[in-house]
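Notes follow once the structure below has been shown.
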Amino acid sequence: MSATGAVRLAAISAEPLDLDAHLRAVDDPRMGAVTTFVGRVRDHDPDAATAVVALEYSAHPDAEATLAQLATTAAADTGALVAVSHRVGTLAVGDAAVVIAVASAHRAEAFEVCRTLIETIKTGLPVWKRQLETDGTATWLGLGG
């Protein structure tokens, strides 16, 4: 989903996420700072008995609109530009599940918007994940990535 204003990109994607595409989306000569966040699938979880081998993400049909709203709220009144995507489907260890790029005139706002956005994605985006372990255990985990 392309967006206008502060949110230049907000997407739920079954395709691998491209950090460079997010950077291009927020490229603007008025902006002196760009921060990024890449959330990747890791091989462990504190609650897992064995190694994690994959995560399976699924999303509510309204997830993309919700993601755009979360990004809009995070950037409100900052002048920042935001590009954000979340993957769905089966992701292997090392795959990017979330990519965020934020551009702003100054670094403080870029860091703040990026941090606010990932925290609200974790609590407010209607995306669920099923964690798969080497022993065959599969555990559903709540909202967010």
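Rule-based calculations on the coordinates, nothing more; no lab input. If you're wondering where the values come from, they're calculated on a predicted model, not measured in any experiment. Note that we place each Cβ from the backbone using ideal geometry, even for glycine, and neighbour counts take in every protein chain shown.
Numbers at a glance
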quantity	calculated
Listed residues F37, G79, T134: farthest to the positive end of the dipole of the chain (Cβ charges)	G79
For the chain, calculated [θ]222 nm from helices alone, where every DSSP H run of n ≥ 4 adds -39500 (n - 2.57)	-8500 deg cm²/dmol
Cα-based Kirkwood hydrodynamic radius, segment 1-69, one decimal, Å	14.8 Å
Spin-label model distance (nm) - H60 vs A138, 7 Å beyond Cα toward Cβ	2.3 nm
Highest-fluctuation residue, A54, A110, A33 considered, GNM on the chain with Cα pairs under 10 Å	A33
5 Å binning of all Cα-Cα separations within the chain, expressed as whole percents from 0 upward	2, 11, 21, 22, 18, 12, 8, 5, 2, 0, 0
Choice from A103, A75, A21 with maximal GNM fluctuation in the chain (Cα, 10 Å cutoff)	A21
